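Student: First, the structure itself, so that you have it in front of you.
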Number of protein chains: 2
Amino acid sequence: MSKREITVVRTTNGKARPDPNHLGFGKYFTDHMFVMDYDRENGWHSPRVIPYQPITLDPATMVFHYGQTVFEGLKAYHSQDGRTLLFRPEKNVERLNRSCSRLNIPEVEEEAFLSGLKTLIQVDRDWIPTTEGTSLYIRPFILPTETNLRVAPASSYKFVIILSPVGSYYPEGINPVGINVEKQYTRAVLGGTGTAKTAGNYCAGYKAQQKASESGAAQVLWLDGIEKKYIEEVGSMNIFFKIDGEVVTPQLNGSILEGITRMSIIELLQEWGIPVTERKISFDEFVKAYQEERVEEVFGTGTAAVISPVGEFRYQDTKYLINNRQTGDLSKKLYETITGIQTGKIYDEFGWTVEVKSSGM
Amino acid sequence: MSKREITVVRTTNGKARPDPNHLGFGKYFTDHMFVMDYDRENGWHSPRVIPYQPITLDPATMVFHYGQTVFEGLKAYHSQDGRTLLFRPEKNVERLNRSCSRLNIPEVEEEAFLSGLKTLIQVDRDWIPTTEGTSLYIRPFILPTETNLRVAPASSYKFVIILSPVGSYYPEGINPVGINVEKQYTRAVLGGTGTAKTAGNYCAGYKAQQKASESGAAQVLWLDGIEKKYIEEVGSMNIFFKIDGEVVTPQLNGSILEGITRMSIIELLQEWGIPVTERKISFDEFVKAYQEERVEEVFGTGTAAVISPVGEFRYQDTKYLINNRQTGDLSKKLYETITGIQTGKIYDEFGWTVEVKSSGM
């Protein structure tokens with residue numbers, strides 16, 4: 001057998017399905033996982049779908065010490081006509097490989113990633129929840145497996161995909177959230193790892209998230225790490241402002257994560273003829289527009305929520321109410337269009353969705 | 001038994017000892033490890049010395065995804081009179097807990113850390129190498145063990161200590177190294193995690209280290225992330241300059257790691273009456289002093305090398321030779337004094353060393 005051929009070992013001990021009305025996010029995992037290994041001699045090899053199982057690692061394995069990991073997040077949807085759809089998965093492969101490049105991890109071929117993912121989904125297809133708003137969250141990740149305490153890129157890695165049936169992000173409808181503008185802590189800076197989906201970027205935000213939660217806000221608004229002036233991201237989402245009919249989102253500046261939902265929204269807005277600009281936007285510019293009553297809508301974008309409307313910014317002792325804490329019309333239309341395309345309800349004129357057929361590739 | 005009492009399970013299958021002349025760094029590990037667990041109900045509990053063994057984790061364990069880890073590094077030395085000495089281990093506990101605080105990890109009591117470490121060393125005492133320049137490297141680390149993909153601090157953790165007999169950092173004598181001044185990549189920035197010993201800080205430096213290696217330099221000189229002007233660290237060491245008889249090291253500014261060797265050197269220099277200042281120092285200031293022939297010595301400091309003399313900086317196309325690529329007198333004296341105290345050869349007037357007795361605490 002070729003070292004590139006995917007082997008499949010099915011579980012003999014399938015798990016009970018979780019209640020589709022109480023899935024939450026990332027709590028339940030399916031019966032199988034996809035794994036492949038890397039070493040310098042063989043490259044990425046031995047792709048396989050195996051029963052979902054623990055990973056056993058020597059305590060000196062580099063993953064515990066120097067954080068050389070990358071991951072991705074995407075979803076599979078069960079369409080009304082019974083198809084299984086992925087949303088722009090090739091963009092996740094591209095981003096994974098950009099993350100790999102930043103972290104000195106060997107890149108993964110698109111074909112190896114996508115055929116592994118599709119085979120895994122085929123095996124666990126009946127785990128895709130079908131209730132409105134639910135989906136199958138897909139978490140590909142790479143970890144270094146070399147056992148050695150030298151501070152250097154590992155010589156061996158494991159690429160893993162696990163699947164988690166997840167609930168609706170908005171079980172009670174979209175609800176705009178309060179956001180704390182963070183001045184003390186920094187998410188990322190030019191020259192750092194902010195554009196990569198790597199583990200260290202996420203734990204770095206916990207302290208600021210704790211401050212936000214304690215002040216009653218749901219999320220953090222990250223400012224740039226240099227001047228603490230320009231808006232970068234909200235929580236782990238990208239952010240958009242609708243001001244005077246124009247949509248503005250921070251430009252990719254070397255520290256912002258390049259969201260695939262972000263990219264899709266820009267393309268949708270362009271298609272709709274709504275002016276959309278990627279540029280620097282300072283919090284001061286937002287405040288000025290706010291005071292002049294020109295701010296119409298603000299929303300975060302990401303794989304988990306798709307669109308998350310911002311109802312309020314809190315900056316020091318001042319609160320800035322957005323659109324009277326209501327979800328704006330554009331936010332609603334974008335949410336409905338993107339989720340409609342993702343779930344096959346709306347015709348996909350962009351060719352964004354990829355169907356996972358029942359068998360074969 | 002109290003949940004704080006350390007249990008000891010000895011291996012029945014001890015490993016062969018590695019060749020003391022070819023230990024390298026972090027390649028060999030002893031027969032046992034120390035582990036304790038944390039959950040919200042019990043706090044840190046079940047401290048135990050057990051045979052060195054793999055850690056088995058669900059693939060959805062947070063450590064693989066969001067990098068919420070911290071670690072420490074220190075050494076145990078075999079003294080000429082047969083004692084086992086630690087160097088300022090309480091400073092490692094303090095720093096671990098500062099790292100924990102930044103990463104929202106529950107802190108560890110000094111007593112739990114030190115009694116666990118001492119018990120482990122007692123069990124594996126005959127693993128401490130005795131050849132000149134060798135030591136037992138100690139790696140305490142904490143990883144999150146909760147199985148969940150939500151981006152938030154874990155509710156459960158594992159604290160682990162592993163031990164690695166390591167070789168002399170300078171088997172052929174101290175050798176000054178070339179350092180590449182890094183302008184593109186950033187190690188850390190104010191408000192980030194640079195002061196914490198957390199995994200994500202280390203892999204973030206691999207790209208710059210690769211550039212340095214490709215240009216023939218041994219290490220990276222990190223500049224501040226905001227102006228790319230002020231000197232921060234060298235590789236994963238702190239850095240000192242001797243200019244006109246005065247020793248200068250970058251002040252702790254919220255992005256530099258607070259080295260325990262750094263701290264000890266400052267205290268030694270003060271004791272010796274040599275002027276030492278912690279302040280901002282720009283690379284331009286170094287260049288000016290260099291051009292005026294006022295730079296006498298430059299050296300990095302850290303647990304692994306203790307003192308690592310800098311023989312040359314490379315900045316774009318310019319090379320700055322330090323002290324004609326020779327190890328300076330102060331570097332030598334500091335190296336001999338610190339390693340002399342660590343190994344019990346020099347009387348420890350500071351009370352820095354802590355003896356691990358044969359039994360009991």
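The values are calculated or read from the model by the stated rules, or taken from the named source; none is laboratory data. Values in this document were obtained by computation on a predicted structure and should not be read as measured data. Note that each Cβ is placed from the backbone with ideal geometry, even for glycine, and that neighbours are counted across all protein chains shown.
Student: List the residue pairs whose Cβ atoms are under 6 Å apart, where the first residue sits in the range B:321-348 and is at positive phi and in contact (Cβ under 8 Å) with a residue 40 or more places away in the chain, the second is aromatic (Phe, Trp, Tyr) and not in a helix (DSSP H, G or I), and the two are 6 or more positions apart or on different chains.
Tutor: Hits for this filter: zero, empty list.
Student: Test A:Thr7 against the stated conditions and say whether it is under 21 Å from the mean Cα position of the chain (by Cα) and of a type in the set (Ser, Thr, Tyr).
Tutor: Spelling it out, it is not the case that A:Thr7 is under 21 Å from the mean Cα position of the chain (by Cα) and of a type in the set (Ser, Thr, Tyr).
Student: Okay, moving on. Cβ-Cβ distance below 8 Å, separation of 6 or more or different chains: which pairs start in the range B:233-244 with a residue that is at negative phi and end on one that is crowded, with 24+ Cβ neighbours inside 10 Å and of a type in the set (Lys, Arg)?
Tutor: Matching pairs, first to second residue: B:Glu233/B:Arg187.
Student: Is it true that some residue in the range A:95-107 is touching a residue at least 60 places away in the same chain (Cβ under 8 Å), touching a strand residue (DSSP E or B) at 6+ places or on another chain (Cβ under 6 Å) and facing another protein chain (nearest Cβ under 9 Å)?
Tutor: Scanning the range A:95-107, I find at least one residue that is touching a residue at least 60 places away in the same chain (Cβ under 8 Å), touching a strand residue (DSSP E or B) at 6+ places or on another chain (Cβ under 6 Å) and facing another protein chain (nearest Cβ under 9 Å), so the answer is yes.
Student: Condition first: under 27 Å from B:Tyr28 (Cα atoms) and buried (at least 18 other Cβ atoms within 10 Å of the Cβ). Now tell me which residues in the range B:101-116 satisfy that.
Tutor: B:Val108, B:Ala112, B:Phe113, B:Leu114, B:Gly116 - these are the residues of the range B:101-116 that are under 27 Å from B:Tyr28 (Cα atoms) and buried (at least 18 other Cβ atoms within 10 Å of the Cβ).
Student: When B:Gly351 is evaluated against the numbered criteria (1) part of a strand (DSSP E or B); (2) on the phi > 0 side of the Ramachandran plot, which criterion, by number, is the only one it fails?
Tutor: So B:Gly351 meets the others, but not (1).
Student: Can I ask one more? Could you list, in sequence order, all residues of the range B:11-27 that are closer than 21 Å to B:Lys118 by Cβ and either under 22 Å from the mean Cα position of the chain (by Cα) or polar (S, T, N, Q) (or both)?
Tutor: Result: B:Thr11, single match.
Student: Would you be able to say whether some residue in the range B:135-146 is more than 12 Å from chain A (Cβ to nearest Cβ) and under 24 Å from B:Ser308 (Cβ atoms)?
Tutor: yes
Student: Could you please give the count of residues in the range B:263-285 that are surrounded by fewer than 23 Cβ atoms within 10 Å (Cβ to Cβ) and either assigned to a helix (DSSP H, G or I) or not assigned by TED's automatic domain parsing to the domain that holds B:Ala196 (or both)?
Tutor: 12
Student: Could you check how many residues of the range A:341-361 are farther than 18 Å from A:Gln270 by Cα and of a type outside the set (A, V, I, L, M)?
Tutor: Number satisfying all stated conditions: 10.
Student: Just name the residue that is surrounded by the fewest Cβ atoms within 10 Å (Cβ to Cβ) out of those in the range B:292-318 that are in contact with a strand residue (DSSP E or B) (Cβ under 9 Å, 6 or more places away or on another chain) and not in a strand (DSSP E or B).
Tutor: B:Gln316
Student: Go through A:Ser164, A:Ser168 for me and flag whichever is at pLDDT below 95, farther than 30 Å from B:Ala188 by Cα and among the hydroxyl-bearing types (Ser, Thr, Tyr).
Tutor: So the residue among A:Ser164, A:Ser168 that is at pLDDT below 95, farther than 30 Å from B:Ala188 by Cα and among the hydroxyl-bearing types (Ser, Thr, Tyr) is A:Ser168.
Student: Continuing with this model, one more query. Please work out which residue is modelled with the highest pLDDT, limiting yourself to the range A:171-197 and to residues that are touching a helix residue (DSSP H, G or I) at 6+ places or on another chain (Cβ under 7 Å) and closer than 30 Å to A:Asn21 by Cα.
Tutor: By that ranking, first place goes to A:Lys197.
Student: Something else now. Residues in the range B:219-239 that are over 14 Å from B:Glu285 (Cβ atoms) and more than 14 Å from chain A (Cβ to nearest Cβ): how many?
Tutor: Qualifying residue count, the range B:219-239: 1.
Student: Also: Residue by residue through the range A:125-158, note down the ones that are surrounded by 24 or more Cβ atoms within 10 Å (Cβ to Cβ) and either on the phi > 0 side of the Ramachandran plot or not aliphatic (A, V, I, L, M) (or both).
Tutor: Across the range A:125-158, the qualifying residues are A:Ser135, A:Pro140, A:Pro144, A:Tyr157.
Student: Another one. Can you confirm whether B:Ala188 is within 30 Å of B:Glu312 (Cα to Cα), small (Gly, Ala, Ser) and assigned to a loop (DSSP other than H, G, I, E, B)?
Tutor: It is true that B:Ala188 is within 30 Å of B:Glu312 (Cα to Cα), small (Gly, Ala, Ser) and assigned to a loop (DSSP other than H, G, I, E, B).
Student: Looking only at residues in the range A:147-174 that are small (Gly, Ala, Ser) and at the interface with chain B (Cβ under 9 Å from one of its Cβ atoms), which one is nearest to B:Gln209 (Cα to Cα)? Can you show your working first?
Tutor: Keep residues of the range A:147-174 that are small (Gly, Ala, Ser), which gives A:152, A:154-156, A:164, A:167-168, A:173.
Right, trim to at the interface with chain B (Cβ under 9 Å from one of its Cβ atoms) and you get A:152, A:164.
Working: A:Ala152: 8, A:Ser164: 37 Å.
Per the criteria, the residue is A:Ala152.
Student: Any residue in the range A:117-132 that is in a strand (DSSP E or B) and either of a type in the set (Phe, Trp, Tyr) or farther than 30 Å from B:Gly26 by Cα (or both)? Show your work before the answer.
Tutor: Residues of the range A:117-132 in a strand (DSSP E or B): none.
Looking through the range A:117-132, none of the residues is in a strand (DSSP E or B) and either of a type in the set (Phe, Trp, Tyr) or farther than 30 Å from B:Gly26 by Cα (or both).
Student: Within the set of pairs 6 or more residues apart or between chains, which connect a residue that is of a type in the set (Phe, Trp, Tyr) inside the range A:81-94 to a residue that is assigned to a loop (DSSP other than H, G, I, E, B) with Cβ atoms less than 8 Å apart?
Tutor: Here the result reads A:Phe87/A:Trp352, each pair linking the range A:81-94 to a residue that is assigned to a loop (DSSP other than H, G, I, E, B).
Student: Separate question: Hey, can you tell me all the residues within the range A:23-54 that are part of a loop (DSSP other than H, G, I, E, B) and within 14 Å of chain B (Cβ to nearest Cβ)?
Tutor: Residues of the range A:23-54 part of a loop (DSSP other than H, G, I, E, B): A:23-31, A:40-42, A:52-54.
Hits for the range A:23-54 are A:Leu23, A:Gly24, A:Phe25, A:Gly26, A:Lys27, A:Tyr28, A:Phe29, A:Thr30, A:Asp31, A:Tyr52, A:Gln53, A:Pro54.
Student: Next question. Just one of B:Thr7, B:Thr30 is touching a Leu at 6+ places or on another chain (Cβ under 8 Å) and touching a residue at least 40 places away in the same chain (Cβ under 8 Å); which is it? If you could, list the steps in order and put the result at the bottom.
Tutor: On the way: B:Thr7 fails: touching a Leu at 6+ places or on another chain (Cβ under 8 Å).
Exactly one residue qualifies, and that residue is B:Thr30.
Student: Test A:Gly67 against the stated conditions and say whether it is touching a Gly at 6+ places or on another chain (Cβ under 6 Å) and surrounded by 17 or more Cβ atoms within 10 Å (Cβ to Cβ). Break it down into steps so the answer makes sense when it comes.
Tutor: On the way: touching a Gly at 6+ places or on another chain (Cβ under 6 Å): yes; surrounded by 17 or more Cβ atoms within 10 Å (Cβ to Cβ): yes.
Spelling it out, A:Gly67 is indeed touching a Gly at 6+ places or on another chain (Cβ under 6 Å) and surrounded by 17 or more Cβ atoms within 10 Å (Cβ to Cβ).
Student: Now for a different question. Take the residues of the range B:214-248 that are over 21 Å from the mean Cα position of the chain (by Cα) and not in a loop (DSSP other than H, G, I, E, B): which is surrounded by the fewest Cβ atoms within 10 Å (Cβ to Cβ)?
Tutor: Taking the candidates together, the pick is B:Glu214.
Student: Output the number of residues of the range A:175-212 satisfying the condition of being within 7 Å of chain B (Cβ to nearest Cβ), surrounded by fewer than 21 Cβ atoms within 10 Å (Cβ to Cβ) and of a type in the set (A, V, I, L, M, F, W, C).
Tutor: Residues flagged as within 7 Å of chain B (Cβ to nearest Cβ), surrounded by fewer than 21 Cβ atoms within 10 Å (Cβ to Cβ) and of a type in the set (A, V, I, L, M, F, W, C) within the range A:175-212 amount to 1.
Student: Conditions first: (1) within 22 Å of the chain's Cα centre (by Cα); (2) outside any loop (DSSP other than H, G, I, E, B). A:Gly254 passes all but one, so which condition is the exception?
Tutor: Every listed condition holds for A:Gly254 apart from (2).
Student: If you go through the range A:293-325 one residue at a time, how many are under 21 Å from A:Ala208 (Cα atoms) and of a type in the set (Val, Ile, Thr)?
Tutor: Selection size over the range A:293-325: 4.
Student: Part of a helix (DSSP H, G or I), touching a residue at least 12 places away in the same chain (Cβ under 8 Å) and either aliphatic (A, V, I, L, M) or surrounded by fewer than 16 Cβ atoms within 10 Å (Cβ to Cβ) (or both): does that describe B:Ala289?
Tutor: It is true that B:Ala289 is part of a helix (DSSP H, G or I), touching a residue at least 12 places away in the same chain (Cβ under 8 Å) and either aliphatic (A, V, I, L, M) or surrounded by fewer than 16 Cβ atoms within 10 Å (Cβ to Cβ) (or both).
Student: Pairs, please: C-beta under 6 Å, at least 6 apart or cross-chain, first residue under 27 Å from A:Val166 (Cα atoms) and more than 8 Å from chain B (Cβ to nearest Cβ) and in the range A:56-79, second part of a strand (DSSP E or B) and among the polar types (S, T, N, Q)?
Tutor: A:Lys75/A:Ser135; A:Ala76/A:Thr84; A:Tyr77/A:Ser135
Student: Of the conditions (1) farther than 22 Å from A:Gly328 by Cβ; (2) at pLDDT 95 or above, A:Ile281 fails just one. Which one is it?
Tutor: (1)
Student: Test B:Ser236 against the criterion of being modelled with pLDDT under 95 and not aromatic (Phe, Trp, Tyr), and give yes or no.
Tutor: When the stated conditions are applied, B:Ser236 passes them.
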